[in-house]
Amino acid sequence: MSIKNVRLEVMQFLEKNIDTFVDSYLIPVEKIWQPTDLLPDSQNEIFFEEVKELRELAKDLPYDFWVVLVGDTITEEALPTYESWLMDVEGVNQTEDKGNGWSKWIRNWTGEENRHGDLLNKYLYLSGRVDMREIEMTTQHLINDGFDIGTGRDPYKNFVYTSFQELATYISHNRVSQLAKKYGDNKLSKMCRLIAGDEMRHHMAYSEFVDQIFKVDPSEMMLAFQYMMKQKIVMPAHFLRESGQKISSAFEQFSDSAQRIGVYTASDYVDILRKLVEKWQIDKIEGLTAEAEKARDYLMRLPDRMQKISERLVIPQEPHIFKWVKPALIK
Ligand SMILES: [Fe+2]
Ligand SMILES: [Fe+2]
């Protein structure tokens, strides 16, 4: 059987458990938090006082913090790109009678994710600290540009990507939450903590999919994991640009801001890789082909190798000034 047909069979096999995955890893609409729960209520008399308080607290947050929060928001707001990408993965079918189980998973995942950009966007708008028009232009560019994360339509590679990516977003939203708390903004801290909680559940789900694939198609899953790590996981933020600039031109400086305030660093990348190697018990997988054995060896050695490289990285001290955040507004 061809590799592609085996992947389709594996996807159909996993699809039988979609309802269990949805029930275990996602939260029903009536029970999950909504952006409005965490923001000033515009139907309430005290709305303006609440907004005033939000803006007062926002005044203490530093420049790099705003850059990171803006970049995170924009990446969340480009959700249409991710949904359409995942809907195109081999084994996912969204046509005919509302599509198959996988399309249900993706719709429900998208429904949860959509609240993140919604909440952060409204917060940024109310904060008065950032240039919303510039942010909106970057978001529109990011959606227009689309992305190529190097997975093709391969479900195995895509699930490695999403396992990695969801854990990376957990880390960065969680660190932003801790920073907000440090600067005395408990409300913003709670928003980011709750978003991080969603990301963690999503990470658990996608890494469970990979775990199950390892049980039925270990060699191909190992090769897909190696493939993704060899080319490095490209974050959606990689494609950020400011208005009037070229694609990807804003990523490095955005990433420098994130590294400077410790929200997402090169050593976090290595830690995520280590966690995945551990979670999938790469050292214990049996029944591998000779090629997949080699891939396993590569993956087992990779974290230490990358750690050494990450220790040598030097991050510029001075922040790049983005159109999204005017320094005059920030102390
Ligand atoms: Fe998200
Ligand atoms: Fe996510």
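The values are calculated or read from the model by the stated rules, or taken from the named source; none is laboratory data. Quantities reported herein were computed from a predicted structural model and do not represent experimental measurements. Note that we place each Cβ from the backbone using ideal geometry, even for glycine, and neighbour counts take in every protein chain shown.
If you go through region 176-196 one residue at a time, how many are touching a residue at least 24 places away in the same chain (Cβ under 8 Å) and not aliphatic (A, V, I, L, M)? Step through it out loud before you land on a result.
Applying the first criterion (touching a residue at least 24 places away in the same chain (Cβ under 8 Å)) to region 176-196 yields 176, 179-180, 183-185, 187-188, 190-191, 194-196.
Adding the requirement that they be not aliphatic (A, V, I, L, M) leaves 183-185, 187, 190.
Final tally of qualifying residues: 5.
Would you check if there is a residue in region 164-177 being among the acidic types (D, E), within 16 Å of ligand 1 (Cβ to nearest atom) and modelled with pLDDT of 95 or more? Among the residues of region 164-177, at least one is among the acidic types (D, E), within 16 Å of ligand 1 (Cβ to nearest atom) and modelled with pLDDT of 95 or more, which makes the answer yes.
Scanning region 56-92 for residues that are within 12 Å of ligand 1 (Cβ to nearest atom) and among the polar types (S, T, N, Q) returns T73, T75.
Residue check: is W33 touching a residue at least 40 places away in the same chain (Cβ under 8 Å) and either part of a loop (DSSP other than H, G, I, E, B) or in contact with a Ser or Thr (Cβ under 8 Å, 6 or more places away or on another chain) (or both)? Lay out the reasoning, then the answer.
Values: touching a residue at least 40 places away in the same chain (Cβ under 8 Å): yes; either part of a loop (DSSP other than H, G, I, E, B) or in contact with a Ser or Thr (Cβ under 8 Å, 6 or more places away or on another chain) (or both): yes.
Considered against the rule, which asks whether it is touching a residue at least 40 places away in the same chain (Cβ under 8 Å) and either part of a loop (DSSP other than H, G, I, E, B) or in contact with a Ser or Thr (Cβ under 8 Å, 6 or more places away or on another chain) (or both), W33 comes out as yes.
Those helices (runs of 4 or more DSSP H) of region 153-264 in which 1 or more residues are surrounded by 21 or more Cβ atoms within 10 Å (Cβ to Cβ) and of a type in the set (V, I, T) occupy 155-182, 186-216.
Out of E53, E15, E49, which single residue is more than 28 Å from Q259 (Cβ to Cβ) and surrounded by fewer than 13 Cβ atoms within 10 Å (Cβ to Cβ)? Show your work before the answer.
Details: E53 fails: surrounded by fewer than 13 Cβ atoms within 10 Å (Cβ to Cβ); E15 fails: surrounded by fewer than 13 Cβ atoms within 10 Å (Cβ to Cβ).
Answer to the check: E49.
Evaluate the following for D72: is it within 30 Å of Y156 (Cβ to Cβ) and surrounded by 18 or more Cβ atoms within 10 Å (Cβ to Cβ)? Lay out the reasoning, then the answer.
On the way: within 30 Å of Y156 (Cβ to Cβ): yes; surrounded by 18 or more Cβ atoms within 10 Å (Cβ to Cβ): yes.
Yes: the conditions hold for D72.
Among the residues of region 324-331, is there at least one that is among the charged types (D, E, K, R) and either free of Cβ contacts under 8 Å to residues at least 24 places away in the same chain or buried (at least 18 other Cβ atoms within 10 Å of the Cβ) (or both)? No, region 324-331 contains no residue that is among the charged types (D, E, K, R) and either free of Cβ contacts under 8 Å to residues at least 24 places away in the same chain or buried (at least 18 other Cβ atoms within 10 Å of the Cβ) (or both). Just need a number here: residues in region 84-96 that are surrounded by fewer than 18 Cβ atoms within 10 Å (Cβ to Cβ), under 20 Å from H238 (Cβ atoms) and touching a residue at least 12 places away in the same chain (Cβ under 8 Å). Qualifying residue count, region 84-96: 1.
Just one of the numbered conditions (1) more than 26 Å from N17 (Cα to Cα); (2) at pLDDT 95 or above is not true of F159: (1).
Residues satisfying the criterion are absent from region 134-154 (criterion: closer than 23 Å to M204 by Cα, among the aromatic types (F, W, Y) and more than 15 Å from ligand 1 (Cβ to nearest atom)).
Among the residues of region 156-177, just one is closer than 16 Å to I106 by Cα and among the small types (G, A, S), namely S163. The residues of region 97-111 that are in contact with a Lys or Arg (Cβ under 9 Å, 6 or more places away or on another chain) and surrounded by fewer than 19 Cβ atoms within 10 Å (Cβ to Cβ), listed by number, are K98, G99, K104, R107.
Only one of the numbered conditions (1) under 30 Å from L79 (Cβ atoms); (2) in a loop (DSSP other than H, G, I, E, B); (3) without any contact (Cβ under 8 Å) to a residue 60 or more places away in the chain is violated by Q317, and that is (1).
Being under 22 Å from L167 (Cα atoms) and either crowded, with 18+ Cβ neighbours inside 10 Å or out of contact with any Leu (no Cβ under 7 Å at 6 or more places or on another chain) (or both), is that true of even one residue in region 315-322? So far as region 315-322 goes, no, none of its residues is under 22 Å from L167 (Cα atoms) and either crowded, with 18+ Cβ neighbours inside 10 Å or out of contact with any Leu (no Cβ under 7 Å at 6 or more places or on another chain) (or both). Screening R55, R133, R129 for residues that are over 19 Å from the mean Cα position of the chain (by Cα) and outside any helix (DSSP H, G or I) leaves exactly one candidate, R129. Filtering region 78-126 to residues that are closer than 24 Å to I32 by Cα, more than 16 Å from ligand 2 (Cβ to nearest atom) and not in a helix (DSSP H, G or I) leaves only K98.
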